[in-house]
1. Say whether the condition of being part of a loop (DSSP other than H, G, I, E, B) and touching a His at 6+ places or on another chain (Cβ under 9 Å) is met by at least one residue in region 58-76.
2. So Q34 fits all but one of (1) modelled with pLDDT of 90 or more; (2) closer than 23 Å to L113 by Cβ; what number is the exception?
3. Condition check: part of a loop (DSSP other than H, G, I, E, B), touching a strand residue (DSSP E or B) at 6+ places or on another chain (Cβ under 8 Å), at pLDDT 90 or above and of a type in the set (G, A, S). Does S95 satisfy that?
4. When the residues of region 1-34 are narrowed to those that are of a type in the set (V, I, T) and touching a Gly at 6+ places or on another chain (Cβ under 9 Å), which ends up surrounded by the most Cβ atoms within 10 Å (Cβ to Cβ)?
5. Having 1 or more residues that are over 17 Å from the mean Cα position of the chain (by Cα) is the bar; report the strands (runs of 3 or more DSSP E) wholly within region 10-55 that clear it.
6. Filter region 80-101 down to the residues that are surrounded by 11 or more Cβ atoms within 10 Å (Cβ to Cβ) and among the aliphatic types (A, V, I, L, M) and list them by number.
Amino acid sequence: MKNIPFYIDGVRGGFMRVEGIIRLEKKGLYLEFQIKDAVVKAYKSSIKTLFLALEDIDTIKIKVGWFRTRLWIHVQSGIMLEAIPGNDLTQRVFSFKRMHRLALANMVSQFNLAISEIKLKELDQKYRTS
């Protein structure tokens, strides 16, 4: 799947910004990101990677605005999102530029399809054994 660039503004009181890429792989979401100084632009952290398995993600929501698109990712445990700065324990909000809207919508629909297949397999195994 294609890498889609994202950003998170307002990190650490608005002094920092997270920039990175996200892509959907067969078993989950792959994120690669870097924390940057938003004011002077002098500081950059090392590049960090994070993999969120499909089973660990509760929901993904997308909201389309005039100039940017936002993606909400809700997970089951706060430990999973510990590496990504944010205000909420089990949720992060990623922003995307307008030109990446179509690629993001495709990624979210493929994600929802993969989650549906996993849930169907779980139901099938549950009712086959009973």
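1. Residues of region 58-76 that are part of a loop (DSSP other than H, G, I, E, B), as a first pass: 65-67, 76.
From what's left, touching a His at 6+ places or on another chain (Cβ under 9 Å): none.
Taking every residue of region 58-76 in turn, none turns out to be part of a loop (DSSP other than H, G, I, E, B) and touching a His at 6+ places or on another chain (Cβ under 9 Å).
2. Only one criterion in (1) modelled with pLDDT of 90 or more; (2) closer than 23 Å to L113 by Cβ is unmet by Q34, namely (2).
3. Here the answer is no, as S95 does not meet what is asked.
4. V18
5. Numbers: elements: 16-25, 28-37, 48-53.
Those strands (runs of 3 or more DSSP E) span 16-25, 28-37.
6. Result: M80, L81, A83, I84, L89, V93.
For every residue, the table says whether it meets (1) closer than 26 Å to I118 by Cβ; (2) touching a residue at least 24 places away in the same chain (Cβ under 8 Å); (3) hydroxyl-bearing (S, T, Y).
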residue: Y7; (1), (2), (3): no, yes, yes
residue: G10; (1), (2), (3): no, no, no
residue: G13; (1), (2), (3): no, no, no
residue: Y30; (1), (2), (3): yes, no, yes
residue: L52; (1), (2), (3): yes, yes, no
residue: E55; (1), (2), (3): yes, yes, no
residue: F67; (1), (2), (3): no, yes, no
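The values are calculated or read from the model by the stated rules, or taken from the named source; none is laboratory data. Predicted model only: the values in this text are computed from it and were never measured. Neighbour counts run over all protein chains shown; Cβ positions are idealised from the backbone, glycine included.
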